[in-house]
Amino acid sequence: MPDRGSSVPPSPGELGGVRVLLVVTGGIAAYKAAELARELLRAGAEVQPLLTEAAEAFVTRATFAALTGRRVPSSIWDEPGEVEHVALARWGHVLVVAPATAHTLARLAAGLADDLVTNVALAFGGPVVVAPAMHTEMWEHPATRRNLEVLAARGVRVVPPASGPLTSGDVGPGRLADLPDLVAGVVAALAPGQRSHPGAGSPASGVGSSGTGEGVGSSGTGETARGLAGVRVLVSLGGTREPIDPVRYLGNRSSGRMGAAIVAEALRRGAEVTAVAAATSVDLPAGAREVRVETAQQLYDAVLAEAAGHDVIVMAAAVADFRPKAAAERKLKKERGVPEVVLEPTPDTLAELGRVRRPGQVLVGFAAETDDHVEGGRRKLERKRLDLVVVNHVEGSGSAFGADAATAYLVDAEGVEPLPGAPKAEIARRLLDRVEALRAG
């Protein structure tokens with residue numbers, strides 16, 4: 001095993017031999033940290049739990065000791081002669097804070113060392129992963145966003161919270177990320193090419209500036225997985241909205257999560273990223289140049305204006321195929337009867353990109369299918385002159401829309417790679433692996 005904090009590339013899907021310092025802080029999501037400890041152990045890791053004083057209001061050290069088989073220290077004064085915080089910092093290969101409360105994020109960003117946990121964090125020499133969990137108002141507060149930017153600039157990997165039910169009956173972003181995404185974040189932090197001291201590897205996802213970011217991309221500091229260094233990547237994401245009147249529109253269920261994951265992964269690999277974003281329910285990773293659009297026509301115009309200046313184009317947006325031929329200038333009133341809405345086709349951005357693409361440019365499309373998934377992808381690959389198509393299931397409980405994971409197929413001229421129930425961050429990684437291979441080949 002390597003010494004303190006050195007990068008430990010796990011075997012695929014495993015964390016065999018990896019030593020994890022698992023910090024649990026004082027939020028209701030602390031109970032999920034016990035499940036995370038179990039998942040990390042199942043993946044082959046050794047887990048050393050560390051609880052803040054506030055965490056013990058929700059969970060106990062006895063619980064984590066029983067799960068991991070390790071003593072759970074509570075204070076730097078337990079064994080002052082052993083300088084325990086330094087010994088722990090040198091023992092671990094990766095430090096994971098889950099859940100990370102707003103208060104803990106502030107302490108980490110400020111570099112405080114006022115308890116065992118923060119002393120260990122300040123002495124730690126390996127990659128750091130934080131998984132925020134808090135109420136939406138706290139998550140969106142500028143102070144929290146700024147603290148996350150500070151951590152991201154040091155290379156801390158942020159696994160962003162999910163949206164859903166919170167305490168007190170509230171609903172919104174702030175839930176601790178799901179277990180597969182947390183484990184994937186740990187695996188990614190230990191990937192080859194990540195740095196071996198705090199600031200290890202740029203984040204795959206996190207928070208952007210001024211409240212604009214569910215994902216943090218490469219901060220530009222330190223060594224990262226740089227397979228796309230200097231490559232100009234354009235990613236479209238989100239769902240277009242076609243107005244019926246000033247109030248109503250034709251739209252789709254796209255959340256933009258897949259596109260945001262691709263943006264984050266491209267940034268991690270050193271790319272210069274332009275994100276052409278339609279309507280999304282997630283924020284964009286910091287570090288990308290953002291172009292906002294609403295309709296299919298606006299997306300067409302924006303993407304075609306940018307296309308020639310980019311080496312890779314990934315069209316992950318869900319673009320409307322049809323739009324009302326004429327949108328009403330004033331709100332349609334119910335008492336005036338059911339209006340007749342005449343539809344017309346929208347411009348086909350992907351087909352036009354295939355027609356005008358320049359030599360060496362890599363073009364990736366997406367297809368949302370309810371059946372005949374692979375064949376539909378193959379037809380789209382050929383018809384629109386693409387290098388790669390990502391086909392998503394969008395039916396039933398396995399629908400990719402709005403979910404953190406999806407069943408997808410990567411379809412290219414060489415064949416099909418199925419990705420059943422994969423986290424979207426993993427789909428983004430596989431997709432950009434293919435892009436790098438296409439550029440090299």
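Scanning the range 76-102 for residues that are closer than 16 Å to Arg154 by Cβ and among the small types (Gly, Ala, Ser), we see that the one that is surrounded by the fewest Cβ atoms within 10 Å (Cβ to Cβ) is Ala89.
Checked against the criterion of being surrounded by fewer than 18 Cβ atoms within 10 Å (Cβ to Cβ), at pLDDT 90 or above and closer than 23 Å to Pro49 by Cβ, the candidates Leu105, Leu182, Leu122, Leu176 yield just one match: Leu122. Residue count for the range 148-166 satisfying the condition of being assigned to a helix (DSSP H, G or I) and either in the same structural domain as Ser255 (by TED's automatic domain parsing) or surrounded by 23 or more Cβ atoms within 10 Å (Cβ to Cβ) (or both): 3.
Of note, Glu417 does not satisfy the criterion of being surrounded by fewer than 19 Cβ atoms within 10 Å (Cβ to Cβ), modelled with pLDDT of 90 or more, charged (D, E, K, R) and out of contact with any Pro (no Cβ under 8 Å at 6 or more places or on another chain). Highlighted here are the strands (runs of 3 or more DSSP E) found entirely within the range 271-320 that include at least 2 residues which are of a type outside the set (Phe, Trp, Tyr), at pLDDT below 95 and surrounded by fewer than 21 Cβ atoms within 10 Å (Cβ to Cβ): 289-292.
Of all positions in the range 93-109, none carries a residue that is within 22 Å of Ala189 (Cβ to Cβ), in a helix (DSSP H, G or I) and over 26 Å from the mean Cα position of the chain (by Cα).
Can you tell me which residue within the range 36-60, out of those that are among the acidic types (Asp, Glu) and closer than 21 Å to His93 by Cβ, is farthest from the chain's Cα centre (by Cα)? Result: Glu46. Here Glu265 does not fit the description of being surrounded by fewer than 24 Cβ atoms within 10 Å (Cβ to Cβ), of a type in the set (Asp, Glu) and in the same structural domain as Ala405 (by TED's automatic domain parsing).
Has the range 228-244 got at least one residue that is farther than 21 Å from Arg358 by Cβ, of a type outside the set (A, V, I, L, M, F, W, C), modelled with pLDDT under 90 and in contact with a Gly (Cβ under 7 Å, 6 or more places away or on another chain)?
No - not one qualifying residue is present in the range 228-244.
Can you tell me which residues in the range 350-366 are of a type outside the set (Gly, Ala, Ser), surrounded by 14 or more Cβ atoms within 10 Å (Cβ to Cβ) and without any contact (Cβ under 8 Å) to a residue 60 or more places away in the chain? Selection gives Leu350, Glu352, Leu353, Arg357, Gln361, Leu363. In this structure, is Pro73 in contact with a Lys or Arg (Cβ under 9 Å, 6 or more places away or on another chain), buried (at least 18 other Cβ atoms within 10 Å of the Cβ) and farther than 25 Å from Leu151 by Cα? Yes; evaluated as a whole, the condition is true for this residue. Kindly establish whether Leu237 is more than 18 Å from Ala302 (Cα to Cα) and assigned by TED's automatic domain parsing to the domain that holds Leu431. Criteria not met by Leu237. Could you list, in sequence order, all residues of the range 24-48 that are closer than 15 Å to Leu67 by Cβ and either assigned to a strand (DSSP E or B) or among the polar types (S, T, N, Q) (or both)? Residues satisfying the conditions are Val24, Glu46, Val47, Gln48.
The values are calculated or read from the model by the stated rules, or taken from the named source; none is laboratory data. Everything numeric here is computed off the predicted structure, so don't read it as measured data. All Cβ positions, even for glycine, are placed from backbone atoms using ideal geometry, and neighbour counts span all protein chains on display.
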